[in-house]
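Participant: Next up is a structure, given as structure tokens.
The values are calculated or read from the model by the stated rules, or taken from the named source; none is laboratory data. None of these values were measured; they are calculated from a predicted model. Counting neighbours? That spans all protein chains shown, and the Cβs are built from the backbone with ideal geometry, glycine included.
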Amino acid sequence: RLDNTTTCLPLAYGSIAFYLGKEADEYHTHRWTLYVRSPDPKFDLSSAIEKVVFQLHPSFPQPTRELTEPPFEVTESGWGEFDASIRIIWKEVSDERSTLLQHSIKLYPQHVPPNSDPKAYMNTAVPVVSEKYDEVVFTNPKAEFHKLLLEGSRNKTLPYSLSNQPPVMEYFRTYGDEEEVQKMLAAKKFLEGQLREVKDRLLKADTELDEVKTSLALIKGGGAAGGNAGEQKGADGGGTAAGGAKRANLSQRKQR
């Protein structure tokens, strides 16, 4: 592993839901796509990801979906909102634990006035977009995996489409403006600072633990020596007392 090295991999994940309008029925009011992607449209996630496992609501056929190549997305239709999970399995060479993301699939517009019918605010032209930005931090990554992460950002064009659903791509958020970049850099700097503090605290705790162990060893060693000395002193004292008693008896016999 590469010591004193921290690498951050940005991720964007979420869902985009389209209202079906006249095509909707009781059990299929929306068509939605759940996905995980790179905020950088030129970064190849397949360089670092082995597979992505989407866990949908149990009511869907085959609720567990595994994808081994991008785009990492699942498209379905339904009528209700639910919480889904996205588990990212990293390349085997990384020797990293999988990353679990949680996402609530949204079908209805937010900020609908109280006691209002959400359907009155839906239309087939504008989808409901619910997307989050996050960064996965790898501390002291393996050299080979670190190299894969660097190679993933050197692509001029991706060998695959960002989504199998063209309408979905139109609503992917962009993170290229200066304000967003500064926020991401600040977040990265904060994380690196936190990691350094944790590492320093662990080193300090290890040092203090070693000092305590050394002190305990000295105390145990000193106690054993003191006990032996005390026992020896008691034995010597007993011997002297016995000798004194014998001399007293001899003196009494002579007087008789």
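Participant: When the stretch 138-178 is examined, which residues are found to be without any contact (Cβ under 8 Å) to a residue 24 or more places away in the chain, farther than 19 Å from Ser94 by Cα and part of a helix (DSSP H, G or I)?
Facilitator: Pro166, Met169, Glu178
Participant: Residue pairs, Cβ under 9 Å, 6 or more apart or interchain, first in the stretch 92-104 and in the same structural domain as Glu66 (by TED's automatic domain parsing) and over 22 Å from Phe82 (Cβ atoms), second surrounded by 14 or more Cβ atoms within 10 Å (Cβ to Cβ) and of a type in the set (Lys, Arg). List them.
Facilitator: Once the first residue is in the same structural domain as Glu66 (by TED's automatic domain parsing) and over 22 Å from Phe82 (Cβ atoms) and sits in the stretch 92-104, its partners that are surrounded by 14 or more Cβ atoms within 10 Å (Cβ to Cβ) and of a type in the set (Lys, Arg) give Val93/Lys142; Ser94/Lys142; Asp95/Lys142; Glu96/Lys142.
Participant: Given Leu45, Leu67, Leu2, which one is in contact with a helix residue (DSSP H, G or I) (Cβ under 6 Å, 6 or more places away or on another chain) and of a type outside the set (Lys, Arg)?
Facilitator: From the options Leu45, Leu67, Leu2, the qualifying one is Leu2.
Participant: How many residues does the stretch 44-66 hold that are outside any loop (DSSP other than H, G, I, E, B) and over 19 Å from Glu81 (Cβ atoms)?
Facilitator: Qualifying residue count for the region: 10.
Participant: Please determine whether any residue of the stretch 36-43 is among the aliphatic types (A, V, I, L, M), in the same structural domain as Leu107 (by TED's automatic domain parsing), assigned to a loop (DSSP other than H, G, I, E, B) and under 28 Å from the mean Cα position of the chain (by Cα).
Facilitator: no
Participant: While we're looking at this one, here's another question. Condition (residue is touching a Lys or Arg at 6+ places or on another chain (Cβ under 7 Å), among the hydroxyl-bearing types (Ser, Thr, Tyr) and modelled with pLDDT of 95 or more) applied to the stretch 33-49: is it met by at least one residue?
Facilitator: No: zero hits.
Participant: A further question on this structure: Say we look at the stretch 24-36 and pick out the residues that are touching a strand residue (DSSP E or B) at 6+ places or on another chain (Cβ under 9 Å) and loosely packed, with under 15 Cβ neighbours inside 10 Å; which of these is nearest to Ser130 (Cα to Cα)?
Facilitator: His28
Participant: Next up: Inspect the stretch 195-208 for any residue being modelled with pLDDT of 75 or more, outside the structural domain of Leu45 (by TED's automatic domain parsing) and more than 25 Å from the chain's Cα centre (by Cα) and give the result as yes or no.
Facilitator: The answer is yes, given that some residue of the stretch 195-208 is modelled with pLDDT of 75 or more, outside the structural domain of Leu45 (by TED's automatic domain parsing) and more than 25 Å from the chain's Cα centre (by Cα).
Participant: Are any of the residues in the stretch 62-76 out of contact with any strand residue (DSSP E or B) (no Cβ under 7 Å at 6 or more places or on another chain), among the polar types (S, T, N, Q) and modelled with pLDDT under 95?
Facilitator: No, there is no match, as no residue in the stretch 62-76 is out of contact with any strand residue (DSSP E or B) (no Cβ under 7 Å at 6 or more places or on another chain), among the polar types (S, T, N, Q) and modelled with pLDDT under 95.
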